Amino acid sequence: MEKLKYPIGKYIPVKNPTPQLLTQWRDEIEQFPLQLDLITNKLSKKELNWPYRPEGWKIKQVVHHCADSHMNAYIRFKLTLTEDNPSIKPYAENLWAKLADSLDDNIDDSMMLIKALHNKWGLLMRNLSDDQLQLEFFHPENGVKSNLAETIGNYAWHSNHHLAHIKNALTFKGRF
């Protein structure tokens, strides 16, 4: 069950990544919309409703979640760049996944949002200075300070993590 929940393993923070690793992470984030589109663009309504693990979200919920999560991440970046050590606003992702827009069988709007958001986010990330990469925000839910460099790694992992979830759902065809 753990392998289905974390198909690429749990995220391990890297506070001070090398420039090469940052470039790899940025590339993964910028390529995420294309990768997501390639594995979801021909899915039927039935396939979009396959879960990625027993009692897990359905493929459509994963896609809608990525739009929500990455939108929050982008806003966290903007807050961190314009405020001194801001406290970010956590959100109840499991409750968001139960809202009407996350249960919609049509993922087109979330895909458009992800594509546009990742274009803007990629531009922002590629223009961060070394000093800006070290700026931090505070997450009040877990009491952790994170800098933007490690947060880029977190969202590269998050993107790949959910791509793997969708691939699992397609492999198992929703049968667990």
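Quick note: the coordinates plus some simple rules give every number you see, no bench work behind them. These numbers were taken from a predicted model, which means no experiment stands behind them. All Cβ positions, even for glycine, are placed from backbone atoms using ideal geometry, and neighbour counts span all protein chains on display.
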Exercise. Of all residues in the stretch 1-20, which are within 22 Å of Lys167 (Cα to Cα) and of a type in the set (Lys, Arg)?
Worked result: Lys3, Lys5, Lys10
Exercise. Could you list, in sequence order, the residues of the stretch 100-145 that are of a type outside the set (Phe, Trp, Tyr), more than 21 Å from Glu30 (Cα to Cα) and touching a residue at least 40 places away in the same chain (Cβ under 8 Å)?
Worked result: Ser102, Leu103, Asp104, Asp105, Leu135, Glu136, His139, Pro140, Glu141, Lys145
For this session: Determine if the stretch 131-152 includes at least one residue that is surrounded by 14 or more Cβ atoms within 10 Å (Cβ to Cβ), part of a strand (DSSP E or B) and of a type in the set (Ser, Thr, Tyr).
Result: yes
For this session: Please enumerate the residues belonging to the stretch 3-15 that are more than 16 Å from the chain's Cα centre (by Cα) and touching a residue at least 12 places away in the same chain (Cβ under 8 Å).
Result: Leu4, Val14, Lys15
Exercise. Of the residues Thr23, Thr18, Thr80, which single one is at negative phi, touching a residue at least 60 places away in the same chain (Cβ under 8 Å) and out of contact with any Cys (no Cβ under 8 Å at 6 or more places or on another chain)?
Worked result: Thr80
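I'm checking my understanding of the structure. Among residues of the stretch 16-32 that are of a type in the set (Val, Ile, Thr) and not in a loop (DSSP other than H, G, I, E, B), which one is nearest to the chain's Cα centre (by Cα)?
Residues of the stretch 16-32 of a type in the set (Val, Ile, Thr): 18, 23, 29.
Adding the requirement that they be not in a loop (DSSP other than H, G, I, E, B) leaves 23, 29.
Working: Thr23: 17, Ile29: 8 Å.
Among them, the one singled out is Ile29.
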Problem set entry | Unmet requirement for His158, which otherwise passes all of (1) free of Cβ contacts under 8 Å to residues at least 24 places away in the same chain; (2) in a helix (DSSP H, G or I) | (1)
Exercise. Which pairs do you get when a residue that is farther than 17 Å from Lys42 by Cβ, found in the stretch 57-69, comes within reach of a residue that is in a helix (DSSP H, G or I) and of a type in the set (Val, Ile, Thr), reach meaning Cβ atoms under 8 angstrom, with the pair 6+ apart or on two chains?
Worked result: Cys66/Ile114; Ala67/Ile114
Exercise. Mind checking which residues of the stretch 1-60 are within 30 Å of Arg126 (Cβ to Cβ) and among the acidic types (Asp, Glu)?
Worked result: Asp27, Glu28, Glu30, Asp37
Exercise. Does Ile12 qualify as being assigned to a loop (DSSP other than H, G, I, E, B) and either surrounded by fewer than 17 Cβ atoms within 10 Å (Cβ to Cβ) or out of contact with any Gly (no Cβ under 7 Å at 6 or more places or on another chain) (or both)?
Worked result: yes
For this session: All but one of (1) within 19 Å of Gly143 (Cα to Cα); (2) outside any helix (DSSP H, G or I); (3) of a type outside the set (A, V, I, L, M) hold for Lys42, so report the exception by its number.
Result: (1)
Problem set entry | Residue count, the stretch 33-56 (criterion: surrounded by fewer than 22 Cβ atoms within 10 Å (Cβ to Cβ), within 17 Å of the chain's Cα centre (by Cα) and touching a residue at least 60 places away in the same chain (Cβ under 8 Å)) | 5
